[in-house]
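Each remark here refers to the structure printed beneath this line.
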């Protein structure tokens, strides 16, 4: 129904309005046990071979919802029913931000991709804090923390901004992801620069650790850039791993199939989906090869089916995340991926998903 009827209709509509509509619907469905049960009956799937423990957290399956979909923490009641094993909310910043002006989301159907230019739109950390007593966390839920997208918050203020959000919210979530790579900020600055990253982690090292800590890096980094990041992170034992990776702004490396006139409708945004799949997997493979088993790796970028999820797991990812695959494939995408993973594990003679991590390199 989604592929043949709903998707052709939805893809004719404004993508941001469609997204906001589905967030509202998801929030409504999550409010009632009857609707949660119905969604779970349609979308749910469990299997013992998919249960895993990563960074001391138990996951019913390794497929999660990536940050960027539930920016303002509205969907924590429903995503377990959709079939996800975990989810990541945000990115959340210390202060609210309305987002970049003009067009902020564009579909590239020929590439099974999105161009994203929200600019860290969110309601801010204090508003999220006020919502927490009303929320239910039915699956492990991480929080993605970024720097407030304001031109007056730079340098030392940027570090204070990260830490303030972590102090406010970190303790309430299963894990924290520091978004050091958002490509759509006003000052164009990311904390993937080794010097800036060292300053940020040095400041965070003075804070009490409240749960696992991950860093979200870009898909388009070179192996040399990744090695520089690893060299910094090795100094800080509180960093547990990486989310690989964020949107790519280096369009010249992606071989887009869409007409340039189409992609130029949103020239500033970052690319998601199919075009970044190989980049993401290559980075996962490189990071795992550099430090096998030392760091948790959460892999995302271009996952639309079980084979693509399994590709990242065998390259070294402990867990995977999706967004674009959900938008293009519909609400049964998670179920199909998990069912497919079970079959792939059986074909390779693995009894458990953890056995497949990094096995491409064995």
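The values are calculated or read from the model by the stated rules, or taken from the named source; none is laboratory data. Because the structure is a prediction, the values reported are computed rather than measured. Because the Cβ atoms are built from the backbone with ideal geometry, glycine has one as well, and the counts that use them run over all protein chains shown.
Descriptive notes on the structure:
- Picking from residues in the stretch 193-222 that are touching a strand residue (DSSP E or B) at 6+ places or on another chain (Cβ under 6 Å) and assigned to a loop (DSSP other than H, G, I, E, B), the one that is surrounded by the most Cβ atoms within 10 Å (Cβ to Cβ) is 219.
- Scanning the stretch 232-257 for residues that are at pLDDT 95 or above, surrounded by 17 or more Cβ atoms within 10 Å (Cβ to Cβ) and outside any strand (DSSP E or B) yields 232, 233, 239, 240.
- Some residue of the stretch 93-110 being within 24 Å of residue 337 (Cβ to Cβ) and either assigned to a helix (DSSP H, G or I) or more than 20 Å from the chain's Cα centre (by Cα) (or both): yes
- For the stretch 125-135, the condition holds for at least one residue, the condition being that it is crowded, with 18+ Cβ neighbours inside 10 Å and over 25 Å from residue 267 (Cβ atoms).
- Looking across 165, 190, one residue alone is closer than 30 Å to residue 98 by Cβ, surrounded by 16 or more Cβ atoms within 10 Å (Cβ to Cβ) and at pLDDT 95 or above. It is 165.
- Taking the listed residues 349, 293, 269, 316, the one that is surrounded by fewer than 22 Cβ atoms within 10 Å (Cβ to Cβ), farther than 14 Å from residue 66 by Cβ and either in contact with a helix residue (DSSP H, G or I) (Cβ under 6 Å, 6 or more places away or on another chain) or modelled with pLDDT under 95 (or both) is 293, with no other qualifying.
- When the stretch 122-142 is limited to residues that are on the phi < 0 side of the Ramachandran plot and assigned to a loop (DSSP other than H, G, I, E, B), the one that is nearest to the chain's Cα centre (by Cα) turns out to be 140.
- Flag for residue 281 being farther than 13 Å from residue 108 by Cα, crowded, with 24+ Cβ neighbours inside 10 Å and free of Cβ contacts under 8 Å to residues at least 60 places away in the same chain: yes
- Residues satisfying the criterion are absent from the stretch 12-31 (criterion: modelled with pLDDT of 95 or more, part of a strand (DSSP E or B) and in contact with a helix residue (DSSP H, G or I) (Cβ under 6 Å, 6 or more places away or on another chain)).
- Each residue in the stretch 321-341 was checked for being assigned to a helix (DSSP H, G or I) and either surrounded by 20 or more Cβ atoms within 10 Å (Cβ to Cβ) or without any contact (Cβ under 8 Å) to a residue 12 or more places away in the chain (or both), and 11 pass.
- Residue 119 closer than 28 Å to residue 266 by Cα, part of a loop (DSSP other than H, G, I, E, B), touching a residue at least 40 places away in the same chain (Cβ under 8 Å) and touching a strand residue (DSSP E or B) at 6+ places or on another chain (Cβ under 9 Å): yes
- Among the residues of this structure, residue 138 counts as one that is more than 20 Å from residue 296 (Cβ to Cβ), surrounded by fewer than 23 Cβ atoms within 10 Å (Cβ to Cβ) and touching a residue at least 24 places away in the same chain (Cβ under 8 Å).
- A single member of 42, 5 is more than 29 Å from residue 248 (Cβ to Cβ), modelled with pLDDT under 95 and not in a loop (DSSP other than H, G, I, E, B), and it is 5.
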